[in-house]
Amino acid sequence: MDVLADILGSLRLTGGVAVDAEASGDYCLFSRFRDEDCEQFGFTANELIAYHYVRSGHVHASVDGDVVEAQTGDIILLPRNDAHLIYSRLDAKPVDSHDLIKERGAGPAKIVVGGPGEGASLYCGFLGVSTEHHPLLDSLPPILKLSGTDNASDGWVESSMRLLNEGRHSPEMVARLPDLFFAEAIRRYMEQLPAGEGGWLAGLRDPAVARALSVIHTRFAEDLTIETLAREAGVSRSVLGERFTELIGEPPM
C-alpha cells in the first residue's frame, strides 16, 4: 500500500501548466498565481501550490530572502503559492510575469524574456487544493528545490507537464497527473530530509506512524480510537503514541 498516495488523495488536487517561459540575459520576474489563472482550467481552489520545472538552463528563485538555485531537471516548489522571484540577477528590476504574457490560448501562456547571455526554459504551473490548511502543506518550507538526479524520472515529469495541457488525452489520464506529479515531488523531498529530522513528513518515513496517518486521512468519518490506530499500525498503543508525538509533535488523537 502506498501510504503517501493515500494521504495525498485527501488533498484532491487539480491543475495544469499555466506558463511556458523562456528567459535569457539579465532578468528578474515577480511571480504569484492568481485566482484568474485557474479560470483557463475551469476550476477554483481554496489553496494553490505553485511550481516551476526547469527544462533547460539554470535559474534562481527566492521567497523573502530564502534562495534556491535550480538547473535542468529540477523542480522549484512553492507549497503555499507565496510571492517569489525568478531571476538570473537579483539586482535586476523585478517585472510582474503577468505583464509579459504574449498569448493565452488553449495551451500554456507564453513568456519570452530575451537578452544577451545564458538562457533557461521552464514550465510554470500550479496545483489547486480543494481542502484548506492541510498539515502536509503546512509542514513544508515556503520554497524548496527538488533535484532532478534521476533521468528516467525527469523524463516522466516533463511528459506529465505536457500531458496536463494536451486535450487529445483522456480526461481520466489528465485528472490523475496532478496527484502523480505532486507525489513524485514530495517523495523527492522526503529522500533529501536529513536523518533524525522531525515533523509531519518525517512521520511518513516511519512505517507505524505513516500507517496511522493513512488511517486518519482515509477513515476520518469513523469513530477512531488509539487502539484502532495501534492495531492498524501493527504496534502497541504506547509505541505508537511515543513515535507519533516524537515525530509529529502531538499525539495521534
Query - Förster radius 30 Å - calculated FRET efficiency between Ser236 and Asp82 (Cβ-Cβ, nearest 0.05) - result: 0.15
Requested in this report: Could you calculate the contour length gain from Ala221 to Glu118, that is, 0.36 nm times the residue separation minus the distance between their Cα atoms, to one decimal place in nm?
Outcome: 31.7 nm
**Report entry** Nearby lysines by direct alpha-carbon distance to Lys110 (threshold 16 angstrom, same-chain neighbours under 8 apart not counted)
**Finding:** Lys102
Query raised in the report: Between Phe30 and Ala5, what FRET efficiency follows from the Cβ-Cβ distance if R0 is 35 Å, with the result rounded to 0.05?
Result: 0.55
**Report entry** Listed peptides 226-233, 48-55 by packing density, highest first (mean Cβ within 10 Å)
**Finding:** 48-55, 226-233
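Bear in mind these aren't lab numbers, they're just calculated from the coordinates by the rules spelled out. The model shown is predicted, which means the values in this text are computed figures rather than measured ones. Cβ coordinates were reconstructed from backbone atoms using ideal geometry, including for glycine residues, and neighbour counts include every protein chain displayed.
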